[in-house]
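Colleague: Could you have a look at this structure, given as structure tokens, before my questions?
The values are calculated or read from the model by the stated rules, or taken from the named source; none is laboratory data. No experiment lies behind these values; they were computed from the predicted model shown. Neighbour counts are summed over all protein chains in view; Cβ atoms, including those assigned to glycine, are modelled from backbone coordinates with ideal geometry. Ligands, DNA and RNA are excluded from the accessible area calculation, which covers all protein heavy atoms including side chains. Shrake-Rupley method; radii C 1.70, N 1.55, O 1.52, S 1.80 Å.
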Amino acid sequence: MRVVFGEDLSGSLEASEQYLKTALRYDSSNTFAYYELFWTYKAMGNKSLAVSSLQEVIHQVPKNLREKQQQDEARFASC
């Protein structure tokens, strides 16, 4: 589980997908949400959506070091 703000989040992959899609509705350039969608779709066994999410990470212009690191990781990630 990922830890956010000191809390261990629990829930389903489907809930994760919905939360991340909601984040993207508010900020369609949110590379963190795309990157986390990659992991969600990978866990769900949906290779095409996982690849699509990675491509979004790669094609966005990074705004900070974290986004640049995620972009670098996305280039080498495998589904």
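Colleague: Inspect segment 23-35 for any residue being among the acidic types (D, E), in contact with a helix residue (DSSP H, G or I) (Cβ under 7 Å, 6 or more places away or on another chain) and at pLDDT 90 or above and give the result as yes or no.
Modeller: For segment 23-35, residues among the acidic types (D, E), in contact with a helix residue (DSSP H, G or I) (Cβ under 7 Å, 6 or more places away or on another chain) and at pLDDT 90 or above: absent.
Colleague: For segment 57-67, which positions are open to solvent by less than 80 Å² (accessible area, probe 1.4 Å) and over 9 Å from F38 (Cβ atoms)?
Modeller: Those that are open to solvent by less than 80 Å² (accessible area, probe 1.4 Å) and over 9 Å from F38 (Cβ atoms): I58, Q60, P62, N64, E67.
Colleague: Another question about this same structure. Going through S48, S52 one at a time, which residue ends up being under 13 Å from A74 (Cβ atoms) and at pLDDT 95 or above?
Modeller: Unique residue meeting the criteria: S52.
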